[in-house]
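Before any comments, here is the structure.
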Amino acid sequence: MTSRHVAVWIDHHEARVFYVAPGAFDESTIRASNRHVHRHPNGPDGPKAHPDDAHRFFHEVTKALEGAAEVLVVGPSTAKLQFIRYAQEHAQAVARAIVGIETVDHPTDPQLVAYARQYFRAADRMH
């Protein structure tokens, strides 16, 4: 489903994409890959993920956002900023559609949809 307004809640493990319309919404979940085993971690507490894992994850998220006119990116951690940097480098059309970045912890689906509707309603009034 494509929609004018799309909200994505993202952390380092998953992205929940919400296609928000006035009377309904559709949601999809994209999970980050945890299958790659890094053979040479930096010490016992060093990173275990391969850098390509994040690129594959962010690529899948940008594919889900293609065609959206406005995108709100929310999440609890730095993943949202890393995703935006990825989009600016690799998916400029998606990066141009990003109209907001907000720190949001772990809302339920209805809470996130209500938040997105309120955000987009306010943004639309400003145009």
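The values are calculated or read from the model by the stated rules, or taken from the named source; none is laboratory data. Quantities reported herein were computed from a predicted structural model and do not represent experimental measurements. Reconstructed Cβ throughout: ideal geometry from the backbone, glycine too, with neighbour counts over all protein chains shown.
Taking the criterion of being loosely packed, with under 14 Cβ neighbours inside 10 Å, in contact with a strand residue (DSSP E or B) (Cβ under 8 Å, 6 or more places away or on another chain) and hydroxyl-bearing (S, T, Y), the only residue of the range 86-127 that qualifies is T103. Taken over the range 1-55, the criterion of being at pLDDT 85 or above and among the charged types (D, E, K, R) is satisfied by R4, D11, E14, R16, D26, E27, R31.
Taking residues in the range 61-74 that are closer than 12 Å to V20 by Cβ and of a type in the set (A, V, I, L, M), and partners anywhere that are at pLDDT 95 or above and crowded, with 22+ Cβ neighbours inside 10 Å, the pairs with Cβ atoms closer than 6 Å and at least 6 places apart or on different chains are A68/V6; V71/V6; V71/L65; L72/A7. Among the criteria (1) surrounded by 12 or more Cβ atoms within 10 Å (Cβ to Cβ); (2) out of contact with any His (no Cβ under 6 Å at 6 or more places or on another chain); (3) at pLDDT below 95; (4) not in a loop (DSSP other than H, G, I, E, B), the one F83 does not fulfil is (3). Does V94 satisfy the condition of being assigned to a strand (DSSP E or B) and not small (G, A, S)? Answer is no for this residue.
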